[in-house]
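These notes concern the structure reproduced below.
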Amino acid sequence: MKFSRITAVATVSSALVLAACSGDTTDPAGESSSAAVTDESAAASATPAATDDDAATSTVEMTTDADAGAVSLDTAEEVATEVLTQRVRADQGDGEDIEEAQKASLRGTALGAHRAADRLEGVDGEPAEVDLEENPVEPTVLAISRDDEETPVYLLVQTVPEEGAPWLHLLAGNGEPDDFRIRWEAQMLPGTEIPAFDARSAGSPVLRSGSGDLTMEPDEMLKSVGAYTEWPQPDEVPDYRTHGYAPAVRDAAEQQSEALAGQATLREKNWLVSDDVTTLMFEDGTGFVMGSLLRDTQFIVDSGSQLTPPDSFRVFQDSEVLTSEATLRTRAFIAMRVPTEDVDFKPEMLAATEQLVDAYGE
């Protein structure tokens, strides 16, 4: 199974260089960092804290634990299978079939990114065909949000494609099975693993406001990741582990800037989509922060010069030349593990996926 419409892990901007009016072209900078993880790490991240869920149903019903998942494991697995199956169908077919599958599987920023990717199909190529009868979706529910009498209710689900690293999908809904949709998804970075969550029968706590025991508020964490990948890079940057993601983004911007020296000036700015941030707590109390950033890659054209936009730009604005400025807008879906004072480590990026969603200029 493949989720091929949303560009996987890293540096969309590296493939969107605006060619100078001389007709010269620039090779994309930076390589995709979406290498496959080992079978061992994939297996480890697919089965966290699941031991008590394998017990008999009667045992779960008889537990005296106060904590409980917002939905049962059986319901979560059925929901995940249905939604992720529709997610595959959203990569197949044409027209109304795709729209129906999109609405049945995606919501919010994830839906917007998929619609943009669908528009770019003529440039990026069609997704691989998937026979769902021969290759059914087999998602693994990693976490179920704890029943705290608040909504949304969350399911964190993992899928493992035939090639490449596993994908993480955050499903959200009001608790009714037919209301769940994917609101965030990203591919795991190479060499990363997902730590254990609380048992799914007990549910994982959701940090719905503030910072709790985390060393930084989730919104501020993602904002700092945005600053970490901007160009030119600020003098002071945080000390994070990004498994090659941040350097690849910055290197791509630097190489594009050098390629267009004397014709245009490049600047990149990221900002947070604050209502898109979700934090689930791992078993050890550390946080799993998921959200998305918008990145504008802006080219200010020098006087007397003009830029020829690539086909991907012209999908959104069909201009043959640009003489003033050009902006490429990319959405980056990111997941970070955030420490606490008791569990101290460098904040670590565990998953990242980017998608061009707009382009404009004059």
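The values are calculated or read from the model by the stated rules, or taken from the named source; none is laboratory data. These figures come from a predicted structure and were not determined experimentally. Because the Cβ atoms are built from the backbone with ideal geometry, glycine has one as well, and the counts that use them run over all protein chains shown.
Answer yes or no as to whether PHE288 is crowded, with 23+ Cβ neighbours inside 10 Å and either over 23 Å from the mean Cα position of the chain (by Cα) or of a type in the set (D, E, K, R) (or both).
no
Hey, can you tell me all the residues within segment 307-350 that are more than 20 Å from GLU230 (Cβ to Cβ) and among the small types (Gly, Ala, Ser)?
Across segment 307-350, the qualifying residues are SER312, SER319, SER324.
Inspect all residues belonging to segment 297-316 and state whether any of them is modelled with pLDDT of 95 or more, more than 24 Å from the chain's Cα centre (by Cα) and among the basic types (Lys, Arg).
yes
Since VAL141 meets every condition but one in (1) in a loop (DSSP other than H, G, I, E, B); (2) of a type outside the set (Phe, Trp, Tyr); (3) in contact (Cβ under 8 Å) with a residue 60 or more places away in the chain; (4) over 24 Å from LEU293 (Cβ atoms), which condition does it not meet?
Answer for VAL141: the failing condition is (1).
Output the number of the condition that VAL315 fails; it satisfies all remaining conditions of (1) closer than 30 Å to ALA196 by Cα; (2) of a type in the set (Val, Ile, Thr); (3) in contact with a Lys or Arg (Cβ under 7 Å, 6 or more places away or on another chain).
(1)
Restricting attention to segment 123-136, and to residues there that are surrounded by 15 or more Cβ atoms within 10 Å (Cβ to Cβ) and not in a helix (DSSP H, G or I), which single residue is nearest to the chain's Cα centre (by Cα)?
Ranking the qualifying residues of segment 123-136, first place goes to PRO127.
Looking at this structure, is SER274 under 18 Å from GLU220 (Cβ atoms), buried (at least 21 other Cβ atoms within 10 Å of the Cβ) and of a type in the set (S, T, N, Q)?
So SER274 fails the test.
Going by the structure shown, is LEU280 closer than 26 Å to THR340 by Cα, surrounded by 14 or more Cβ atoms within 10 Å (Cβ to Cβ), touching a residue at least 60 places away in the same chain (Cβ under 8 Å) and of a type outside the set (Ser, Thr, Tyr)?
Judged against the criteria, LEU280 is a match.
So GLU268 fits all but one of (1) surrounded by 21 or more Cβ atoms within 10 Å (Cβ to Cβ); (2) touching a Gly at 6+ places or on another chain (Cβ under 8 Å); what number is the exception?
With respect to (1) surrounded by 21 or more Cβ atoms within 10 Å (Cβ to Cβ); (2) touching a Gly at 6+ places or on another chain (Cβ under 8 Å), GLU268 is out only on (2).
Would you check if there is a residue in segment 264-272 being touching a residue at least 60 places away in the same chain (Cβ under 8 Å) and over 30 Å from GLY122 (Cβ atoms)?
Scanning segment 264-272, I find no residue that is touching a residue at least 60 places away in the same chain (Cβ under 8 Å) and over 30 Å from GLY122 (Cβ atoms), so the answer is no.
Residues are listed down the side, and each one gets a yes or a no for (1) of a type in the set (A, V, I, L, M, F, W, C); (2) closer than 19 Å to ASP179 by Cβ; (3) more than 17 Å from the chain's Cα centre (by Cα); (4) modelled with pLDDT of 95 or more:
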| site | (1), (2), (3), (4) |
| --- | --- |
| THR85 | no, yes, yes, yes |
| ASP94 | no, no, yes, no |
| LYS103 | no, yes, yes, yes |
| GLU121 | no, no, yes, no |
| GLU138 | no, no, yes, yes |
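When only residues in segment 214-255 that are aromatic (Phe, Trp, Tyr) and either in contact with a Cys (Cβ under 7 Å, 6 or more places away or on another chain) or in a helix (DSSP H, G or I) (or both) count, which is farthest from GLU283 (Cα to Cα)?
TYR228
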